[in-house]
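The values are calculated or read from the model by the stated rules, or taken from the named source; none is laboratory data. Note that this is a predicted model, so its numbers are computed, not measured. Cβ: placed from backbone, ideal geometry, glycine included. Neighbour counts: every protein chain shown.
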Amino acid sequence: MFHVSDAGIAEAMSGRFRHTSAEVIDAACALLGEVLSGMRYRPLLLLENLWQPGLTFTEPEMTRRLLEGVPYESVGIMLDTGHLFHTNEEIRTQEEGLCYLHAMLDRHGSLARRIRGVHLHQSITGETAKEMRLHPPTLEATYQARAWQMLTYAFQIDRHRPFTCKGVRELMDRIAPDYLTYEFITDSTAQHRQFLLEQRAALEQ
C-alpha cells in the first residue's frame, strides 16, 4: 500500500500547496517505476487516497492518470473512506458522508472497479479543518518539534471513528473489496474492542 500525496508541514496546516495533483501523480509514477523495475516478486500494489494533492479520488481524470501511469501490471486502489470525507468539509453527518462516497463512486464509473481494498472509518471534522486554517499554529523551531505539531494536527482532523450509519453494509456490497480493514485510532485496548464491535454490528445490519 502506498499513499500518493505530497504536503509539507506548513502546507498541510495552511491548505496552501506547492504542487498540483497532476504534478504529485506524475512524480509518484516516476518513483514507483524506479522502485518496481527489475523486481522478480510482483506483489499487489494498492494506492491509497488522501485529501492533499495527489490521489484524492475526487477527480476521475487524476485517478486514471495515476493507474495508467504506474508501469506495473498488478496495481489497484485502497479506498480510505475517512480520507475521502476530508475532501468535502461541508459533511456534517455520517449519512451525508455516505451519500458523498456514493457520488464519488458514481463519478468514477468503471474506474471504481479498480478498488481492491477499503480502509473503513469516518471522520467528520470539516469545521475543525476550516478553523485550523484560519488560525494555524506558530511552527516550532526544530523539525522534530514541528513533526509533533503535525501529528497533533493530523489526529485532530483524521479521527478514524467507526462508520456505523445505515447503508454502510450496502456501500461495502457495492464496492466488494478483496481486503477490508477496520482502521481506528484509539486510546486503549478496551476502546479499540468497542470500536471493532460497533463496526462489525453496522456491517451486520
Worksheet item: How many residues are within 13 Å of GLU11 (Cα to Cα) and among the aliphatic types (A, V, I, L, M) when one looks only at region 135-146?
Response: 1
Response to the item:
By residue number, the members of region 66-81 that are over 16 Å from THR164 (Cα atoms), outside any helix (DSSP H, G or I) and in contact with an Asp or Glu (Cβ under 9 Å, 6 or more places away or on another chain) are GLY76, ILE77, MET78, LEU79
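Starting from residues that are among the small types (Gly, Ala, Ser) and touching a helix residue (DSSP H, G or I) at 6+ places or on another chain (Cβ under 9 Å), keep the ones in region 74-94 and report whichever is nearest to PHE155 (Cα to Cα).
Taking region 74-94 as the starting set, the residues that turn out to be among the small types (Gly, Ala, Ser) are 74, 76, 82.
Narrowing the set further to residues that are touching a helix residue (DSSP H, G or I) at 6+ places or on another chain (Cβ under 9 Å) leaves 76, 82.
Working: GLY76: 27, GLY82: 12 Å.
Among them, the one singled out is GLY82.
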Worksheet item: Given the structure, is GLN52 over 20 Å from SER14 (Cβ atoms) and among the polar types (S, T, N, Q)?
Response: no
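Within region 82-95, count every residue that is surrounded by fewer than 16 Cβ atoms within 10 Å (Cβ to Cβ) and not in a loop (DSSP other than H, G, I, E, B). Don't jump to the end; show me each part of the working.
Step one: list which residues in region 82-95 are surrounded by fewer than 16 Cβ atoms within 10 Å (Cβ to Cβ), which gives 90, 92-93, 95.
If we keep only those that are not in a loop (DSSP other than H, G, I, E, B) as well, we get 95.
Residues meeting the conditions: 1.
Given the criterion closer than 20 Å to ILE25 by Cα, touching a residue at least 40 places away in the same chain (Cβ under 8 Å), surrounded by fewer than 17 Cβ atoms within 10 Å (Cβ to Cβ) and among the aliphatic types (A, V, I, L, M), identify the matching residue among LEU50, LEU66, LEU79, LEU44. Steps first, please.
Values: LEU50 fails: surrounded by fewer than 17 Cβ atoms within 10 Å (Cβ to Cβ); LEU66 fails: surrounded by fewer than 17 Cβ atoms within 10 Å (Cβ to Cβ); LEU79 fails: surrounded by fewer than 17 Cβ atoms within 10 Å (Cβ to Cβ).
Answer to the selection: LEU44.
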Response to the item:
Listed by range, helices (runs of 4 or more DSSP H) wholly within region 98-205 having at least 2 residues that are charged (D, E, K, R) and either surrounded by fewer than 14 Cβ atoms within 10 Å (Cβ to Cβ) or modelled with pLDDT under 95 (or both) are 126-134, 168-175, 189-203
